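Input: a single structure, listed below in structure tokens.
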Amino acid sequence: MPRPIWSGSIAFGLVNVPVKLYSAFSQREVRFNMLHGEDGGRIRQKRVCIKGGHEVPFEEVVKGYEVSPDHFVVISPEELEALDPEATRTIDIEDFVSLEEIDPIYWEHTYYLVPDRGAAKAYALLHQALQKSGRVGIARVVMRTKQYLCTLRPLGRALALSTMQYADEIVPAEKLEGLPAKEQKPDPRELEMAEQLVESLTTRFEPEKYRDDYRERVLELIERKATGKKIVVQRPVEAPRAKVVNLMEALEASLAKTKRREGAEEKGERRLREEAARERRKPRKGGRKKTSAA
């Protein structure tokens, strides 16, 4: 059963909604421990001073910021604590904006907000107001002594809080080298075929369809080794570098492949329908015998 990791309230205008915060995801990453290859003992990391080469106890460790090569400014915990944002228990909504205006690049981590005791009515009011208006709330919240910019939006029956990157943390695409020039325009026929290819591959987004194949293979390997099965390591063959091919030929081949796949799927569906129809036409065993009219 998930446990709340924060509790406080949503504030918009003079309305206050007590809430509890839950993580919206559970990491499934496979984590390894570092072991000594000779005897299997766990490896413990030590804090070593590079000047004297001796181990430093934790109470002697201080924080420093490098202002120039090998020149540090030491900051004490008390100095940092004096700058900590006020540890309020409020999600202060400052603005409401349209969801379409926010690029996904700004989103970081997502959490669920659940109404605390006695707040169900006010919670439902905010949820439905956001849902009907198509707006999301832009807010600030302090968690673990850090202030976050975040969005508040309806997600199913719940309200979701997503922490965000600040604008000065986003790397502008214009600073990247190698992007096509603005005046470079694709051939109209190539563009038309590319749009056809996109359209032929368009489907509904089903998140369950996409799985972490690498993690599943790693867990399978661990299970096999744990049960004593012999493992034969086959080094993966390095994939050749992609060659620059004729764009039109590649588009035509891709469309043809998509049409063949669609034809095979349609043929398979038609075969299944025919088999189902044959099954329906078959006489049922143990059925009632026909009797002649009196």
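Remark: relative contact order (the chain) = 14 percent; criterion is Cα-Cα distance under 8 angstrom and separation of 6 or more residues.
Looking at the chain alone, DSSP beta bridges between its own residues are antiparallel in about 95 percent of cases. The gain in end-to-end length when the Glu183 to Glu249 segment is fully stretched comes to 21.4 nm, 0.36 nm per residue minus the alpha carbon separation.
Please give the helix 213-226 orientation as an angle from the longest Cα principal axis of the chain, in degrees from 0 to 90, rounded to the nearest 10. Between the helix axis and the principal axis of the chain, the angle is about 80 degrees. Its residue count N fixes a reference of 2.2 N^0.38 Å for segment 84-209, and the Cα radius of gyration divided by that reference is 1.45.
Extension gain, Glu108-Arg144: 0.36 nm per intervening residue step, less the Cα-Cα distance, totals 11.3 nm. The Cα-based radius of gyration and maximum Cα-Cα distance (Dmax) for segment 1-148 are 22.5, 65 Å.
In the chain, the longest principal axis of the Cα atoms and the axis of helix 120-133 are about 70 degrees apart.
In a DSSP loop and with at most 16 other Cβ atoms within 10 Å, the trypsin sites (Lys or Arg not before Pro) in segment 1-38 are Arg28, Arg31.
So for the chain, considering every pair of alpha-carbon atoms, how many percent are separated by more than 35 Å? That tail contains 59 percent of the Cα-Cα pairs.
Across segment 44-110, Cα-Cα pairs farther apart than 16 Å form 74% of the total.
The numbers here are math on the coordinates, done by the rules we state, and not lab data. Because the structure is a prediction, the values reported are computed rather than measured. Don't worry about glycine lacking a Cβ; one is built from the backbone with ideal geometry, like all the others, and counts go over all protein chains shown.
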